[in-house]
C-alpha cells in the first residue's frame, strides 16, 4: 500500500471531532492533522503492512501493531484510546467504523480441561506481577466507589462488603465462592459473618497464595480454597451450601455452558438459598473481540442479560435483584492502569517490552470500552425457589 492510499483510508476512517487533536505520521514522514489546536498526542505508523490487516480485522490488527511497535503513541495512550472510542460511540461513524469487527468465534465447548488451560494462561503469570498493580487484597474484579477519589483498597473492600450483605449471611452458614481469586472475599466472610466458606479457583498461583493467607489469618477451621472447577464438586456436597457467590468468574464459563453453570449451582445450593452473580455482560448477545480472546482472555464470553436470567429460571432460580456497576469498572480500570504505569519498568524487566505494551493496550482499551461501549457489570441476585421475605428496599452497606 502506498502513502497516498493510506492517507485516503485514514481520512475516511478516523474521527474528526474537535474534542481532542492529534497528528498521524506515516512511514514516509507525511503528517495528517485531526482536530483543532495543538496536538495532544501523536501517532506514528512505521509500516505500510498493517493497513490491509486493519481493513480486514481492525481490532486484532490494531492491538498487534501496537504490541509489536509498528504503531507508536507519543503522549497518553488513554487519551488516544478515548479519542477513538468516544467518537465511535457517538456514531460519527464512517463505513470502516461501521464494518463488523472481526470476532473470534468460539469453535469448541469449554471443557473443564480447556477452561483450566484458559484461566491459567491469564492468572498464572506470577503473584508478584499482580501485586504490582492490584490493591493490597489482590482483588481482580470491579470495585465499588462511593466517590471518584476513593482509594482502590477501600473501593474493593466496599465491593466485598456490599456483595456479602446482599447474601444476608448468618453465622454458621456455608458459603461457596466460585472463582475466589486470591481469597479476599472468603476470608472477609469468615471474619465478619462467622460463616464456613469454600473458595474454588483454577489458578495454581491463586490457590497457593490464598491458602497461605488463610493460614496466616488462622482461619483453617472456617475457610478452605480448592484447586477445582465448579463442575468437579462431589455429589456429597449437593444441597450443602446456604449461599453461593461468584465475582468475575462467569466470563470464563463460555456461551455453551451458561445453563450448565446454573444447573450445577442449583444442585449445590439449598432450597431457598441465595446466589449472587457478578459478571461483565451486555444487553444483547455479541461475540468477543478477536484481540482480547487471542491475547488476554482466551475462551471468554460476555453473556447477555437475557441469557443469564433465562438460564437461571430454567434451573429453578428466581430473579430477585439487578445492579449495574459499569461506571465503577471505568474507575477500577483507571486505577489499575495508573498503578501499572507506575511499575511498567519493573514489568518490562520481568516480561519484556512487548508484554508491557500488550497489558497497557488491554487496560486502557477496556476502560474506554466501559466508558463508551455497551458493556456493563451486572450484579444479579437469585434465590433457589421464590422467597417473599427479602427486604423491600436494597439496604446500602
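The values are calculated or read from the model by the stated rules, or taken from the named source; none is laboratory data. This structure is a prediction, so every number in the text was calculated from the model and none was measured. Using ideal geometry, Cβ is built from the backbone for each residue, glycine included, and neighbour counts are taken over all protein chains shown.
Tabulated results
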item	result
Boolean, residue 264 is in the same structural domain as residue 197 (by TED's automatic domain parsing), more than 24 Å from residue 385 (Cα to Cα) and touching a residue at least 12 places away in the same chain (Cβ under 8 Å)	no
Residue in region 202-221 that is more than 16 Å from residue 139 (Cα to Cα) and in contact with a strand residue (DSSP E or B) (Cβ under 6 Å, 6 or more places away or on another chain) present	no
Meets criteria (outside the structural domain of residue 68 (by TED's automatic domain parsing), within 21 Å of the chain's Cα centre (by Cα) and in contact (Cβ under 8 Å) with a residue 40 or more places away in the chain) for residue 351	no
Scan of region 118-152 for residues that are in a helix (DSSP H, G or I) and either out of contact with any helix residue (DSSP H, G or I) (no Cβ under 8 Å at 6 or more places or on another chain) or at pLDDT 80 or above (or both), ordered by number	121, 122, 127, 128, 129, 130, 131, 132, 133, 152
Region 285-324: number of residues that are in contact with a helix residue (DSSP H, G or I) (Cβ under 8 Å, 6 or more places away or on another chain) and either farther than 30 Å from residue 271 by Cα or surrounded by 20 or more Cβ atoms within 10 Å (Cβ to Cβ) (or both)	18
Hits in region 258-284 (condition: surrounded by fewer than 18 Cβ atoms within 10 Å (Cβ to Cβ), under 19 Å from the mean Cα position of the chain (by Cα) and assigned to a strand (DSSP E or B))	282
Region 198-228, residues that are in a loop (DSSP other than H, G, I, E, B), closer than 23 Å to residue 115 by Cβ and at pLDDT 95 or above	228
Of all residues in region 354-387 being more than 23 Å from residue 142 (Cβ to Cβ) and without any contact (Cβ under 8 Å) to a residue 40 or more places away in the chain, the one that is surrounded by the fewest Cβ atoms within 10 Å (Cβ to Cβ)	355
Residue among 185, 157, 164, 176 that alone is farther than 21 Å from residue 203 by Cα, surrounded by 21 or more Cβ atoms within 10 Å (Cβ to Cβ) and in the same structural domain as residue 376 (by TED's automatic domain parsing)	164
Identity of the residue in region 45-74, modelled with pLDDT of 75 or more and surrounded by fewer than 16 Cβ atoms within 10 Å (Cβ to Cβ), that ends up nearest to the chain's Cα centre (by Cα)	68
Test: residue in region 301-311 that is out of contact with any strand residue (DSSP E or B) (no Cβ under 7 Å at 6 or more places or on another chain), modelled with pLDDT under 95 and in the same structural domain as residue 355 (by TED's automatic domain parsing)	yes
Count - residues of region 25-42 that are in a strand (DSSP E or B) and touching a helix residue (DSSP H, G or I) at 6+ places or on another chain (Cβ under 7 Å)	2
Test: residue in region 173-189 that is over 20 Å from the mean Cα position of the chain (by Cα), farther than 24 Å from residue 261 by Cα and part of a loop (DSSP other than H, G, I, E, B)	no
Matching residues, region 213-230, being over 20 Å from residue 153 (Cβ atoms) and either out of contact with any helix residue (DSSP H, G or I) (no Cβ under 7 Å at 6 or more places or on another chain) or not assigned by TED's automatic domain parsing to the domain that holds residue 169 (or both)	215, 218, 221, 224, 226, 228
